[in-house]
1. Expected output is a single nm value to one decimal: the length gained when fully extending between residue 225 and residue 246, i.e. 0.36 nm times separation in residues minus the C-alpha distance. What is it?
2. Compute the orientation-averaged projected area for region 182-258 from the convex hull of its Cα atoms and round it to one decimal in nm².
3. Quote the charge dipole size of the chain about the Cα centre in Debye, to the nearest 20; the model charges only the Cβ of Lys and Arg (+1) and of Asp and Glu (-1).
4. Rounded to the nearest 20 Debye, what is the dipole magnitude of region 189-318 about its Cα centre when Lys and Arg each give +1 and Asp and Glu each give -1 at the C-beta?
5. Just the accessible area per residue of the chain, please: how many Å² with a 1.4 Å probe?
6. Mind checking the full-extension length gain between residue 153 and residue 104? Use 0.36 nm per residue of separation minus the Cα-Cα distance, one decimal, nm.
7. Counting only Cα, what are the radius of gyration and maximum Cα-Cα distance Dmax of region 139-274, in Å?
8. Mind ranking 51, 310 by accessible surface for me, highest first, 1.4 Å probe?
Amino acid sequence: MVFQISEIINPFEYLLANFEEIKFPAKPLTEALGLKEILEISKPRIIILLVITAVTSMYAASKLIGPVLNYWSLLYIIIAGSLSSAGASALNHYYDKDIDPLMKRTSTRPIPSGRMSAKNVLLYGLIVSSISVIFAWFTLNPLSTFFIALGIFFYVIVYTAWLKRRNSSNIVIGGFAGSAASMAGWSAATGSMDILGALVGILVFVWTPSHFWCLAMKIKDDYAEAKVPMLPVLIGMQRTSKYILVNTAILLPYSLALVAFGLGYVYLVIAAISGGLMLVYHYKLTKTPTSEFAWKAYKVTAPYLTIIFVGIALDAAFHFPVFK
């Protein structure tokens with residue numbers, strides 16, 4: 001079973017590491033089909049990350065809670081999760097079409113660069129998001145469908161349309177969109193949501209600020225130019241680095257506390273090492289609160305979610321509970 005799960009996870013990690021090196025078809029074909037542009041507005045990095053959290057959560061729930069893993073349901077959660085993430089990301093591209101040209105990082109996206117029309121991006125986002133929910137309704141259970149729809153709602157409405165341009169808590173609250181993916185996977189296996197499943201999902205929510213604020217420190221000037229109230233723009237680099245450290249200091253004990261609710265020694269070791277490494281780098285960031293070191297801290301923070309959720313799956317496969 002472990003070998004089968006690794007077969008599912010490893011291709012995603014390979015794609016994540018090598019996305020920038022993918023060679024797209026020749027120019028005439030991409031112009032005709034827009035494959036490159038569709039990939040860009042779908043944000044495949046986010047798709048891969050959220051699918052990993054959903055798949056590993058589903059596997060862990062089937063092993064720790066039951067019933068036995070249904071491989072058709074596993075395939076369905078991958079399809080529904082991928083579609084929902086792609087659709088929500090496209091809607092994010094559409095809504096941010098006015099500020100993307102102002103930021104160097106986003107100025108070459110399909111809409112501001114003129115490679116796709118805003119109308120087509122909106123149409124794609126609405127259709128794919130709707131298909132994901134409809135597909136989940138007919139292939140998964142109502143609770144999983146609810147979490148898939150909730151993830152779209154939080155990312156598009158709560159984060160993108162409501163909070164991103166209005167409040168510095170934007171990414172803190174908006175981070176729940178990622179939690180919904182884990183909860184969708186967990187409930188796809190069990191048909192319900194127990195305390196452990198909810199706490200595992202909230203791991204994404206607690207991790208997100210540390211992750212995103214490091215990126216925000218790196219591209220602070222972009223956000224300032226677009227008048228997006230990200231934390232470094234409002235309170236400066238030094239204070240933001242301290243907020244990151246505090247958030248990570250909350251994340252580490254929170255992640256370790258999950259062993260009290262059913263996770264075991266395998267997870268405990270992985271969570272302690274990966275979380276401890278993040279804490280060290282974020283402490284160093286407070287001593288060197290520059291965009292260059294923030295980028296280094298970001299690269300340490302980014303793999304954490306994949307590592308911790310693979311750790312949850314491995315713990316479920318080789319389960320040695322801390323508390324019996």
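1. Values: separation 21, 0.36 × 21 = 7.56 nm, distance 2.73 nm.
Length gained between residue 225 and residue 246: 4.8 nm.
2. 6.1 nm²
3. Using Cβ point charges on Lys, Arg, Asp and Glu, the chain gives about 740 debye.
4. Here the size comes out at about 440 debye.
5. Here the per-residue accessible area is 45 Å².
6. Extending this stretch completely gives an extra 14.9 nm.
7. 16.6, 48
8. 310, 51
The values are calculated or read from the model by the stated rules, or taken from the named source; none is laboratory data. Owing to the predicted nature of the structure, the values given are computational and were not obtained by experimental measurement. Backbone-built Cβ (ideal geometry, glycine too); neighbour counts: all protein chains shown. The accessibility values were calculated without ligands, DNA or RNA, using every heavy atom of the protein model including side chains. Shrake-Rupley method; radii C 1.70, N 1.55, O 1.52, S 1.80 Å.
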